[in-house]
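Engineer: This is the structure, below, for whatever I ask next.
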Amino acid sequence: MQDLVKGLLQKNNTKIIFLVLDGVGGLPLNGKTELEAAHKPNLDALARESACGLHMPVGYGITPGSGPGHLGLFGYDPVKWEIGRGILEAMGLGLEVKRTDIAIRCNYATIENGIIKDRRAGRPPTDKMKKVTERLQKEIQEIDGVKFTFGAGMEHRFAVVMRFPNTLTPEAGMINDTDPQSEGKPPLPLLPKSPKAEKVAAVTRKFIDRAARLLEEDNIPQNYLLVRGFSTHPQMPTFTEAYGLRALAIATYPMYRGLARLIGMNAPAFEGDFRDQIDYLKASYNDYDFFFLHFKKTDSYGEDGNFQEKVKRIEEADRSLPRILALNPDVLVITGDHSTPAVMKGHSWHPVPLLIKSPYVLGGVTSGFSERECLKGELGIMKSTPIMPLALANAKRLKKFGA
């Protein structure tokens, strides 16, 4: 699809905003999903005049991670471009990743008698864990000739870049995660899926053991590491090459900045709440064509199984919507990268609500923004990758195909 679109691109001054409410899709609790339970007059009014539907980030029955979910939104086939979470976290934290490197995303966890008690170690304060990560960096700088660079992330998260002496092939990152994705289980054994990954796996095992000993000495709840998303640096077309757009990403969490940087968006380090993100959007509006505005907490509370707090975060986003609409973008897309139903406490395979506002849509089909209402919309159920071509077409950035 990107190759076809590239041949049809035309330039103009139109603006496109993608507001991604992370994990916004849900399932019913007492008969209503989180979107249905939320008081969201602005989103509902917008849906009534927009093209609505549901999208599948990867495919039917496939539960996507955040990386594949966002790649699909930006028109990159997530099956073709299977990218480990590690490089996204590392680049989002400003770490350099070369062709000689393996990047890993790590979680501090709480473990007792070999069993995971808390995969996120109680979501500890970011400032506290930054100091812990700095100690690990001081104590673990090299293992078997492989150099280690650490980057402290948000709460329980951090990233590690392992620099090997020689250039690595993508197969070197073919190693399973150790996170079993639920409490009450032991960490999964670290196993290479390719002979070219064996050395990486051996070094990583030594790293986990050494870090666990250091954390045990500190006598803190964050006494173990779970590793995931082993990845090398992929070679993929940039967002500007694919779509001819100057793109800005405004995201507070490193992983999403990392993905944006990986595909060539400008993604400055950013701290603040959603109001601050919108202020930054307004201040930068004349300098870019495309804006990726990321709202995280809908996903966080979904993963925690906190239905009511996820509802409140949807309502928070709704209250901020008039400030975005005041910019009068030519195209506004609102959706999520995947569904995170609170009743499931995690990502799911369920299709994600989607709306596209522009002057060139049918509209008038749905009565609000929710899973059931979007199913009635003109877009139906679609794959994620055509969302970008639809946004470009509505922004009049695509020429006619053929005679």
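The values are calculated or read from the model by the stated rules, or taken from the named source; none is laboratory data. A quick note: this is a predicted structure, and the numbers were derived from the prediction, not measured. Neighbour counts run over all protein chains shown; Cβ positions are idealised from the backbone, glycine included.
Engineer: Here are some residues: 25, 61. Which one is in contact (Cβ under 8 Å) with a residue 60 or more places away in the chain, more than 26 Å from residue 313 (Cα to Cα) and either outside the structural domain of residue 282 (by TED's automatic domain parsing) or not acidic (Asp, Glu) (or both)? Please lay out each step first, then the result.
Structural biologist: Details: 25 fails: more than 26 Å from residue 313 (Cα to Cα).
Answer to the check: 61.
Quick grid of which residues meet (1) exposed (fewer than 14 other Cβ atoms within 10 Å of the Cβ); (2) not polar (S, T, N, Q):
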site: 152; (1), (2): no, yes
site: 156; (1), (2): no, yes
site: 161; (1), (2): no, yes
site: 170; (1), (2): no, yes
site: 187; (1), (2): no, yes
site: 192; (1), (2): no, yes
site: 204; (1), (2): no, no
site: 216; (1), (2): yes, yes
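Engineer: What helices (runs of 4 or more DSSP H) lie completely within the range 263-339 and have 1 or more residues being farther than 17 Å from residue 253 by Cβ, in contact (Cβ under 8 Å) with a residue 40 or more places away in the chain and touching a helix residue (DSSP H, G or I) at 6+ places or on another chain (Cβ under 7 Å)?
Structural biologist: Working: elements: 274-283, 297-303, 307-325.
So the answer is 307-325.
Engineer: I'd like the full set of residues that are surrounded by 22 or more Cβ atoms within 10 Å (Cβ to Cβ) and aliphatic (A, V, I, L, M), limited to the range 325-362.
Structural biologist: Matches in the range 325-362: 331, 332, 333, 334, 342, 352, 354, 355, 356.
Engineer: Among residues belonging to the range 363-398 that are β-branched (Val, Ile, Thr) and under 21 Å from residue 75 (Cα atoms), point out the one that is surrounded by the fewest Cβ atoms within 10 Å (Cβ to Cβ).
Structural biologist: Taking the range 363-398 as the starting set, the residues that turn out to be β-branched (Val, Ile, Thr) are 365-366, 381, 385, 387.
When the remaining residues are screened for being under 21 Å from residue 75 (Cα atoms), the result is 381, 385, 387.
On the way: 381: 15, 385: 23, 387: 22.
The selected residue is 381.
Engineer: Same structure, new question: Quick one: would you say residue 100 is crowded, with 23+ Cβ neighbours inside 10 Å, modelled with pLDDT of 90 or more and out of contact with any His (no Cβ under 8 Å at 6 or more places or on another chain)?
Structural biologist: Working: crowded, with 23+ Cβ neighbours inside 10 Å: no; modelled with pLDDT of 90 or more: yes; out of contact with any His (no Cβ under 8 Å at 6 or more places or on another chain): yes.
Answer is no for this residue.
Engineer: Also, quick follow-up: Against the condition among the acidic types (Asp, Glu), free of Cβ contacts under 8 Å to residues at least 24 places away in the same chain and outside the structural domain of residue 249 (by TED's automatic domain parsing), how does residue 101 come out, does it pass?
Structural biologist: The answer is no for residue 101.
Engineer: For residue 249, are the conditions met, namely being at pLDDT 95 or above and either more than 17 Å from the chain's Cα centre (by Cα) or under 28 Å from residue 137 (Cα atoms) (or both)? Steps first, answer last, please.
Structural biologist: Values: at pLDDT 95 or above: yes; either more than 17 Å from the chain's Cα centre (by Cα) or under 28 Å from residue 137 (Cα atoms) (or both): no.
Answer is no for this residue.
Engineer: Residues in the range 1-28 that are farther than 30 Å from residue 304 by Cβ, assigned to a loop (DSSP other than H, G, I, E, B) and not β-branched (Val, Ile, Thr): how many?
Structural biologist: Start the filter on the range 1-28 by keeping residues that are farther than 30 Å from residue 304 by Cβ, which leaves 1-16.
Now restrict to residues that are assigned to a loop (DSSP other than H, G, I, E, B): 1, 7-8, 10-15.
Within this subset, residues satisfying the condition of being not β-branched (Val, Ile, Thr) are 1, 7-8, 10-13, 15.
Of the residues in the range 1-28, 8 are farther than 30 Å from residue 304 by Cβ, assigned to a loop (DSSP other than H, G, I, E, B) and not β-branched (Val, Ile, Thr).
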